[in-house]
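Down below is the structure, laid out as structure tokens.
The values are calculated or read from the model by the stated rules, or taken from the named source; none is laboratory data. For clarity, every value in this text was computed on a predicted model and none was experimentally measured. So basically every Cβ, Gly included, is an ideal-geometry build from the backbone, and we count neighbours across all protein chains shown.
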Amino acid sequence: MILATHFILIGYGHWLPNDVRGSYSQTVFAPRIAELGPLHHGRKPVQPSGPELRTFHKHAETALRYPVHWFSPEERTAIRDALAPLHKAQRLVCHACAILLNHVHILIRRNFLHPKTIHDLLKDTAAQAVRQMGRLSANHPVFNAGHGIHYKSAPWEVRQCATYIRDNFKKHRLPEERYEFVSDYTG
């Protein structure tokens, strides 16, 4: 039984389907992106070096239709402020959330809504908040296509995922934030 779902919203141009680190994508749709390298489903057991990763991203930037987008502090605040009323309106119980420079992690307790519906609500709400800041052109995507949805079926998985999400602040050299719509998992 699913206890919670880990949603990942990847900012546009970050972690492509054929990323050298591996990805959970099944297909690379854009021919220009496909030319960057083969698809590897799942995280690679041996991760690429920093120089390899930077080289991949440098080539990827030339293959993308729009510039890679990094979330400014103001956009991160706008995402936070947009997600709070969504959680309340949809009765979502959030056990962890990290709004980072290029992606967002959200861990939500099982809900009456289908996980894909929740993902789309989160993604659309966050994208609208970023668009309202006016830094992107009308056609520029805010997030990559696809769905980052990972199910957690045991209490230890939920706790481990919540810790992983909170640890992302430190990993990305950001001060840890605690959002009003997050409540600890009590198992």
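Here are the numbers for this structure:
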quantity	calculated
Residue in segment 85-96 that is surrounded by 12 or more Cβ atoms within 10 Å (Cβ to Cβ), over 19 Å from the mean Cα position of the chain (by Cα) and either within 28 Å of Lys116 (Cα to Cα) or of a type outside the set (Gly, Ala, Ser) (or both) present	yes
Condition met for Ala96 (in contact with a helix residue (DSSP H, G or I) (Cβ under 8 Å, 6 or more places away or on another chain) and part of a strand (DSSP E or B))	yes
Segment 1-24 - residue that is part of a loop (DSSP other than H, G, I, E, B) and modelled with pLDDT of 85 or more and, of those, nearest to Pro51 (Cα to Cα)	His14
Residue ID - surrounded by the most Cβ atoms within 10 Å (Cβ to Cβ), chosen from residues in segment 12-39 that are touching a strand residue (DSSP E or B) at 6+ places or on another chain (Cβ under 8 Å) and touching a residue at least 40 places away in the same chain (Cβ under 8 Å)	Leu16
Lone unmet requirement of (1) buried (at least 16 other Cβ atoms within 10 Å of the Cβ); (2) in a strand (DSSP E or B); (3) not assigned by TED's automatic domain parsing to the domain that holds Lys152 for Gly42	(1)
Tally, over segment 144-157, of residues that are outside any helix (DSSP H, G or I) and more than 16 Å from the chain's Cα centre (by Cα)	3
Qualifying residue in segment 68-81 (condition: hydrophobic (A, V, I, L, M, F, W, C), modelled with pLDDT of 90 or more, assigned by TED's automatic domain parsing to the domain that holds Gln132 and in a helix (DSSP H, G or I))	yes
Residue within segment 95-105 that is in contact with a Cys (Cβ under 7 Å, 6 or more places away or on another chain) and not hydrophobic (A, V, I, L, M, F, W, C) present	yes
Residue within segment 67-79 that is surrounded by fewer than 19 Cβ atoms within 10 Å (Cβ to Cβ), touching a Ser or Thr at 6+ places or on another chain (Cβ under 9 Å), in contact (Cβ under 8 Å) with a residue 12 or more places away in the chain and not acidic (Asp, Glu) present	no
Inter-residue pairs, beta-carbon under 9 Å, first not assigned by TED's automatic domain parsing to the domain that holds Glu75 and in segment 127-144, second crowded, with 18+ Cβ neighbours inside 10 Å, 6+ apart	none
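Rundown of residues vs (1) exposed (fewer than 15 other Cβ atoms within 10 Å of the Cβ); (2) in a loop (DSSP other than H, G, I, E, B); (3) at pLDDT below 95, yes/no style:
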position	(1), (2), (3)
Ser137	yes, yes, yes
Pro141	no, yes, yes
Arg159	no, no, no
Ala162	no, no, no
Arg166	no, no, no
Lys170	yes, no, no
Leu174	no, yes, no
Asp184	yes, yes, yes
